[in-house]
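Colleague: The following block contains the structure, expressed as structure tokens.
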Amino acid sequence: MPSKPGLIEVVGTEPAFHLRADGVSYLFRVTRHGHLEHVHFGPALGHLEAAADYEPLVVKQASGHSGVTYTESDPGYCLDYVPQEVSGLGKGDYRLPSVEVRLPDGGTTTDLRYVGHTLHEGVVPCQDGLPTAIAEPGQAATLEVRLADGDLELTLFYTVFAAANTVTRRTVLTNNGAGPVAIRRLMSQQVDLPDRGFDLVTFDGAWAAETHRHVRAVGRGIYINSSATGFSSNRHNPGVLLARRGAGEDHGEVYGFNLVYSGNHYTAVELSHREQVRVQSGINPVGFDWTLGSGERFETPEAVLSYSSDGFNGLSANLHAFVGDHIVRGEWADRPRPVLLNSWEAVSFDINERNLIAMARQGKRLGVELFVLDDGWFGDRNDDRAGLGDWDVNPKKLPDGLGGLASKVRDLGLDFGLWVEPEMVNPDSKLYREHPDWAIQLPGREPSLGRHQLVLDLTRPEIRDHIVAELSTVLDSAPISYVKWDSNRTFSDLYSTACPAGELPHRYVLGLYDVLRRVFGPRPQILLESCASGGNRFDLGMLCFSPQVWASDCTDPIERLAIQLGLSYLYPPSTIGAHVTASPSEQTLRATPLSTRFNVAAIGVLGYELDPRSLTPSE
């Protein structure tokens, strides 16, 4: 099937594959021995007729080298010197492999070679529950390349999004043999670039200090940006940039890499002895151990690659367009978001209906459009030690239930929103007392707690069914137009009755996506804002379900400048939740003018998180 004209060219009989965005080209070819050789990722090359048109870009090899030759009959061919699209172990390439498996006979050597390709209009969605980028007709085209080594079949999907100057990649490994294959490492993408003196830019931090921009020169060796927390993490955002040294906001070459994934991620940057920079992205191999049975397939998350010669602003423009046009979806994708008033910093767990209505009434006078009831409305939830998992309304706090409160809020002319934390459970809860085995913990050992809570095992279908049923009841009990979905601890004590520990983190993420689809798919009118102790899960995977993400639990505007600046390199402002809170800041004790707090919050999706009754007349 021919691709959309101009987006993908198949050049020559070798063949070579030329992915063409509006201002970017991505080119690779099949070598004489069947491997995929990377040729170019950068400025647009124009139409290519034959191999002679791109031959000057190919890395040349000489026969006089000290490497392991792929075959004795071709002494000039050494995989350690070839820029590759995918790499294995055991055939002379000693850089980081993108594929590492243990075969049924105990061997680990893989030699994946080209067997065919197919062109597709548009995108080809994942089949196993992972979210993928979307596109309208004519916006994208996909190249499917098939490789094989014995009973192993590896399929690479490349999708080019023309207007966003972006290419996505993902990998599917299929076991066609009779015995099981153990996957130790399977990257979503690999690209080998010529070293141009790069700086690596990462966005790192901690709770209440997320996504601070850090720059270091790429030198010999390997730099790894990763998460092993079970979440994409506030420590290291999955998005990274590779910038030619000296690049500025509006000039210079910058590459961007990200993952459409919400779990343990991994990006490695390796400068080799042959002055090539290998960049890989995918699921973190630390702790990952997946058994692929006979006839089974494993699909990786989608990786995102972009390039600009117009500096960091040019690269950010690409990534913002990609997120806006191909990641965020649904009824809220292109709509202005309501200005909200959240109850948390004003009242914490001390909830009573009279105060809430008084706050909402004053908020309405000041221009608020949505009132959000945060934590503390359910079960025996008077602090963070109890109640998680019990999603029934506390009648002492809300005698007329959620429906009664929501009706009163709507009578004021405001929409009504609600906070939930469905992935978690307190040991002091009815749910845990009835189902202690539903929490992720090691049998017979005291579990480690985070914020006095445990994580529910979303790899198990009966637990997902319970969460979907409970949330559906809550969301259908009142006119709720917004949900803040929180998740306040990371993983420990990995164990599940449903799968081995090495498979649990990835299966958990698949389970989370399943729950989100089942809860919000039938309720597209609800605006979902993802939160995980602030920015602990700010990633493209969650943005496929929630058009905005709470950037940080720190609302001090000075700290927020660094947090929101870091996020802005990778994500558009329409995805960044930001609130005006009281002064001095709860988190830093810094006092700031109301104008400063407003100006910083208005950079993102504007909201308020204070008691508006406490404002002075001038404020």
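The values are calculated or read from the model by the stated rules, or taken from the named source; none is laboratory data. All values derive from a computational prediction rather than experimental measurement. A quick note on method: Cβ atoms are made from the backbone with ideal geometry, for glycine too, and the neighbour counts reach across all protein chains shown. In case anyone asks, the SASA skips ligands and DNA or RNA and just uses the protein heavy atoms, side chains included. Shrake-Rupley method; radii C 1.70, N 1.55, O 1.52, S 1.80 Å.
Colleague: What are the residues in region 537-560 that are more than 28 Å from S281 (Cβ to Cβ) and open to solvent by 10 Å² or more (accessible area, probe 1.4 Å), if any?
Modeller: Passing the criteria: I558, E559.
Colleague: When you check F598 against the structure, is it open to solvent by 10 Å² or more (accessible area, probe 1.4 Å), of a type in the set (F, W, Y), under 29 Å from V509 (Cα atoms) and in contact with a helix residue (DSSP H, G or I) (Cβ under 9 Å, 6 or more places away or on another chain), yes or no?
Modeller: Against the criterion (open to solvent by 10 Å² or more (accessible area, probe 1.4 Å), of a type in the set (F, W, Y), under 29 Å from V509 (Cα atoms) and in contact with a helix residue (DSSP H, G or I) (Cβ under 9 Å, 6 or more places away or on another chain)), F598 does not qualify.
Colleague: Also, quick follow-up: Going by what's in this entry, would L449 be described as open to solvent by 30 Å² or more (accessible area, probe 1.4 Å), touching a Pro at 6+ places or on another chain (Cβ under 8 Å) and under 19 Å from L494 (Cβ atoms)?
Modeller: Against the criterion (open to solvent by 30 Å² or more (accessible area, probe 1.4 Å), touching a Pro at 6+ places or on another chain (Cβ under 8 Å) and under 19 Å from L494 (Cβ atoms)), L449 qualifies.
Colleague: Considering only region 163-187, how many residues are open to solvent by 10 Å² or more (accessible area, probe 1.4 Å), in contact with a strand residue (DSSP E or B) (Cβ under 7 Å, 6 or more places away or on another chain) and within 20 Å of V260 (Cα to Cα)?
Modeller: Residues that pass the stated criteria total 2.
Colleague: Which residue pairs have Cβ atoms under 9 Å apart, sit 6 or more places apart or on different chains, and have a first residue in region 34-59 that is on the phi > 0 side of the Ramachandran plot and a second that is part of a helix (DSSP H, G or I) and open to solvent by 10 Å² or more (accessible area, probe 1.4 Å)?
Modeller: Short answer, once both residue conditions are applied: G46/D53.
Colleague: Do the conditions hold for S407, that is, is it of a type in the set (S, T, N, Q), closer than 29 Å to C499 by Cβ and at pLDDT 95 or above?
Modeller: no
Colleague: Taking the options L373, L405, name whichever one is open to solvent by less than 20 Å² (accessible area, probe 1.4 Å) and within 25 Å of D553 (Cα to Cα).
Modeller: L373
Colleague: Checking E100 against (1) more than 19 Å from E9 (Cβ to Cβ); (2) of a type outside the set (A, V, I, L, M, F, W, C); (3) over 30 Å from the mean Cα position of the chain (by Cα): exactly one of these is not met. Which one?
Modeller: With (1) more than 19 Å from E9 (Cβ to Cβ); (2) of a type outside the set (A, V, I, L, M, F, W, C); (3) over 30 Å from the mean Cα position of the chain (by Cα) applied to E100, the lone miss is (3).
Colleague: While we're looking at this one, here's another question. Can you name the residue in region 502-536 that is among the polar types (S, T, N, Q) and touching an Asp or Glu at 6+ places or on another chain (Cβ under 7 Å) and is also most open to solvent (accessible area, probe 1.4 Å) among such residues?
Modeller: Q525
Colleague: Give just the number: which of (1) of a type in the set (A, V, I, L, M, F, W, C); (2) open to solvent by 20 Å² or more (accessible area, probe 1.4 Å); (3) out of contact with any helix residue (DSSP H, G or I) (no Cβ under 6 Å at 6 or more places or on another chain) does A140 not satisfy?
Modeller: A140 satisfies all of (1) of a type in the set (A, V, I, L, M, F, W, C); (2) open to solvent by 20 Å² or more (accessible area, probe 1.4 Å); (3) out of contact with any helix residue (DSSP H, G or I) (no Cβ under 6 Å at 6 or more places or on another chain) except (2).
Colleague: Can we say K397 is under 28 Å from L449 (Cα atoms) and either charged (D, E, K, R) or at pLDDT below 95 (or both)?
Modeller: Yes.
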